[in-house]
Number of protein chains: 2
Amino acid sequence: MADIARMAGVSLSTVSRSLSGSSLIPETTRQRITELARSLNYQVNIGAANLRKRDIQTVGVVILGDSMQTISDPFILNILGAVADALDERGMSLLLTRLNPQRQEQMAAMFDSGQVAGLIVIGQLTWHDYLNELARRGVPMAVWGACLSDAYYPVVGGDNATGGYLATRHLLQQGARRIAFFGDISHPEAALRHQGYARALAEAGLTPDPRLHQSFLFGDRRIRQVIDMWLDQGLDFDAIFASADIAAISLIGALNERGLEVPHRVRVVGYDDIALSAYLHPSLTSIRQPTAVAGRALVELLFEAIAGLPRRSVMLPAELVVRDSSA
Amino acid sequence: MADIARMAGVSLSTVSRSLSGSSLIPETTRQRITELARSLNYQVNIGAANLRKRDIQTVGVVILGDSMQTISDPFILNILGAVADALDERGMSLLLTRLNPQRQEQMAAMFDSGQVAGLIVIGQLTWHDYLNELARRGVPMAVWGACLSDAYYPVVGGDNATGGYLATRHLLQQGARRIAFFGDISHPEAALRHQGYARALAEAGLTPDPRLHQSFLFGDRRIRQVIDMWLDQGLDFDAIFASADIAAISLIGALNERGLEVPHRVRVVGYDDIALSAYLHPSLTSIRQPTAVAGRALVELLFEAIAGLPRRSVMLPAELVVRDSSA
DNA sequence: CTGAAAGCGCTAACAC
DNA sequence: GTGTTAGCGCTTTCAG
């Protein structure tokens, strides 16, 4: 910037003002400086500017992980994409971090070290208490997850109870009676989906069979093992509601392998409606969650938190998308 | 930091030195300061430190997009994950940006504005010339893509020619004779895969039929239209080699819809070996690319570029993974 | 309208 | 070992 000032024959202040679009600077000077900057590939040093302005143009996005493995749920990554777009629209940068439970503290560090103005957390999992703690400490954030009543942080999430209800009622309407549930109910989102599942069953005069409830959601190998186990035990089931499409996909693979045709022998409904679901064979019935809206809402809520506005949460509708796997 | 200095009864320098682990500071003082920092949730302001140290702890990761749509190829996101891990190991932060061709300049801006020490670009597509231009300008970077001979930037990529060859030879060995190719050969990666495809055909005494070459890779709707078109024209084909698993998956869906069973009527091989491919029905034969190694290599090459070391490129092996779709 | 000067939070000479 | 000081690149009063 000093170079430009010298070359343009003006002071630092003038260049600074000019480049930041101050209306005090006459068009001609402004043009000259802009031109000079372009030809030098000069861009204002954002870090230094922020230091002086005491504001940060970056938001931390944290993807929470369950296992040590790379997260690859397309749904999560869809939300990430939506958040990236929404942040982009506001001219904010996105600092990405993936965290597993062993490194909780790193989450706060991003904020405490002045790297980011706030945090968007994707995947609430079992971090509820820690997130509450951070929020109490005044770390601005917005979380994708279940809208827990005792959450001290703003949440954007789907209507998981309704989603679970819709999925299960649909299966019942298709004639299913012995519906298994796949999902880790230690995660609030899955727990709510399970509530909806139970409610739909109750309405049909049925009660959930605990033997048909499986907590292992991630890890396709384990999903296959469960199917094997059920079949070997002669357990009776004619439908499965899986709390994530990626689990449903593994399930369908395992069922096919054991000769149980989907949907004729076993109907399957997933959750999230990831892009691939429509192109599977059979295509997968699922509960759609509006990820684009979610991304926008997360960013909006985070900005409200940063601005010190009262915390609020957003619950997005869940929509049943019927395809072949439940026909 | 000033607070801590005052509370600890020492000078700013002592706190700074202590927190950055200088061996000059005695254990006892160091302990006291560390303790104080922890209790105040204090973390050194990275931006200010970097400004002073004139070094940046952040790397920009750019995901290049073809269309205006959110990118959601799991393979790309796998590499992103691997890069994130590798960066993490080195204590670097990851600034994520998604760019489409309309906003090329933003890529340089990340570096010029001092936000990042260098760029990792995922998805070379048709950006080759622009990437070369940046590299010439001295922007440190590393690119996932095809190892082009006239690339002025370091590249990490799979052995696309061999991958294409392996896929096609495998199909030929399975008895296929009329093998279609799906992939946009304006992208260097796909072009190399097509070369391998042509070579395998040549070895079998066959020549590629241009009518069986389809450039549309993204957009499942278009893929279906192509299948419809081929069938309506009575075009003869008994196998398809698709330059991406996500395309192969759409293809299989479209084929099934038209009653062409995979693999009995049409064999299919994809590329990338995304996680889902193993769990499809039929499971998808594909060419595996080692994403974890790729992530590590990209980071390594970027650091070499930043350090001013001579540019080099890394070509990773392509491995055929045989599954049901080509049986 | 424009320039001089102070200072954002931190580190690194350079003294003591 | 420790403190003092200058200054990283920028913005913003405050004078002119």
Open item on the list: Take the conditions surrounded by 15 or more Cβ atoms within 10 Å (Cβ to Cβ), at negative phi, of a type in the set (G, A, S) and within 11 Å of chain A (Cβ to nearest Cβ) and apply them to B:A5. Does it pass?
Closed with: no
Open item on the list: Just checking, does region A:37-51 include any residue being more than 14 Å from the chain's Cα centre (by Cα), β-branched (V, I, T), within 21 Å of B:F111 (Cβ to Cβ) and outside any loop (DSSP other than H, G, I, E, B)?
Closed with: yes
Task: From the options A:L95, A:L51, A:L80, residue that is farther than 23 Å from B:N41 by Cβ and either open to solvent by 30 Å² or more (accessible area, probe 1.4 Å) or modelled with pLDDT of 90 or more (or both) - done: A:L80
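Matching residues to (1) within 14 Å of chain A (Cβ to nearest Cβ); (2) part of a helix (DSSP H, G or I); (3) farther than 30 Å from B:L212 by Cβ; (4) aromatic (F, W, Y):
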residue: B:I63; (1), (2), (3), (4): yes, no, yes, no
residue: B:Q102; (1), (2), (3), (4): yes, yes, yes, no
residue: B:I120; (1), (2), (3), (4): yes, no, yes, no
residue: B:V143; (1), (2), (3), (4): no, no, yes, no
residue: B:Y152; (1), (2), (3), (4): no, no, yes, yes
residue: B:V156; (1), (2), (3), (4): no, no, yes, no
TODO: Go through (1) modelled with pLDDT of 95 or more; (2) closer than 29 Å to B:A297 by Cα; (3) in a loop (DSSP other than H, G, I, E, B) one by one and return the number of the condition B:A176 breaks.
DONE: (2)
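Tally the residues that are open to solvent by less than 80 Å² (accessible area, probe 1.4 Å) and more than 8 Å from DNA strand C (Cβ to nearest atom), restricting the search to region A:17-29.
So the answer is 2.
Please go through region B:264-296 and pick out each residue that is of a type in the set (A, V, I, L, M, F, W, C), open to solvent by less than 10 Å² (accessible area, probe 1.4 Å) and part of a helix (DSSP H, G or I).
Once the filter is applied, which keeps residues that are of a type in the set (A, V, I, L, M, F, W, C), open to solvent by less than 10 Å² (accessible area, probe 1.4 Å) and part of a helix (DSSP H, G or I), region B:264-296 yields only B:A294.
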Task: Residue identified as touching a residue at least 40 places away in the same chain (Cβ under 8 Å) and in the same structural domain as B:R90 (by TED's automatic domain parsing) among B:L302, B:L276, B:L309, B:L251 - done: B:L302
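So, in region B:166-190, how many residues would count as being open to solvent by 30 Å² or more (accessible area, probe 1.4 Å) and aliphatic (A, V, I, L, M)?
Residues of region B:166-190 open to solvent by 30 Å² or more (accessible area, probe 1.4 Å): B:166, B:169, B:173-175, B:177-178, B:184-186, B:189.
Subset that is aliphatic (A, V, I, L, M): B:166, B:185.
Of the residues in that region, 2 qualify.
The values are calculated or read from the model by the stated rules, or taken from the named source; none is laboratory data. Worth saying up front: this structure is predicted, and the values here are computed from it rather than measured. Methodologically, a virtual Cβ is constructed for each residue, glycine included, from the backbone with ideal geometry; neighbour enumeration extends over all protein chains shown. Each accessible area value is taken on the protein alone, full model and side chains, heavy atoms only, with ligands, DNA and RNA left out. Shrake-Rupley method; radii C 1.70, N 1.55, O 1.52, S 1.80 Å.
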